[in-house]
Amino acid sequence: MSAKGPIAMELMAMCGYSMSNEADYDRLPELIEHFYNIVKASAPDMCAQYSLAEVTDDLAIALPLFFVSCLGIVVGPLMDTLTTDHPLWLLVVEVSWRCQKTMMVLDSHAVLQKLAATIE
């Protein structure tokens, strides 16, 4: 678990917050494995150094970072200027539950705790 590569970033964009059906998020481990196997068929040398568990952990790490940076740093100042009935608030609602569900399915909290233990 060391944020080795872009596979997890591609997965974050693909399934971290893009699915609208909540039940699809429960299939994330299966979807991640399917994607990993496609990459592995194309780049077996890379996958020999970057396991499925590492890809999954990297995604679990990337999502909270995205969530905090996007909503807090990028969107936050913009939201200060919007009226409470502005339609952009719907974006915050949609992205929030999707990121939350992904973080729960991937157990981001436990992965981050494991990572923190290596740097304490």
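Compute the length gained on full extension between residue 10 and residue 23: take 0.36 nm times their separation in residues and subtract their Cα-Cα distance, giving the result in nm to one decimal.
2.6 nm
In the chain, carbon and sulfur make up what percent of the accessible area (probe 1.4 Å)?
Reported share for carbon and sulfur atoms: 63 percent.
If you project the alpha carbons of the chain onto the principal axes, what extent comes out on each, in Å, largest first?
The principal-axis extents, from largest down, are 51, 36, 21 Å.
Per 0.36 nm of contour for each residue apart, how much would the distance between residue 34 and residue 107 grow if the chain were fully extended, relative to their Cα-Cα spacing?
In short, 24.4 nm is gained.
Quickly rank 37-49, 99-111, 77-89, 61-73 as a protection proxy: mean count of other C-beta atoms within 10 Å, highest first.
Top to bottom by mean Cβ count within 10 Å: 99-111, 61-73, 37-49, 77-89.
So what is the 222 nm mean residue ellipticity for the chain from helices alone, if each DSSP H run of at least 4 adds -39500 (n - 2.57) and you divide by all residues, rounding to the nearest 500 deg cm²/dmol?
Helix contribution divided over all residues of the chain: -20000 deg cm²/dmol.
The values are calculated or read from the model by the stated rules, or taken from the named source; none is laboratory data. Just so we're clear, the structure is a prediction, and the values are computed from it rather than from any experiment. Here the Cβ is made from the backbone with ideal geometry for all residues, glycine too, and neighbour counts use every protein chain on show. Only protein heavy atoms, including side chains, enter the accessible area calculation; ligands, DNA and RNA are left aside. Shrake-Rupley method; radii C 1.70, N 1.55, O 1.52, S 1.80 Å.
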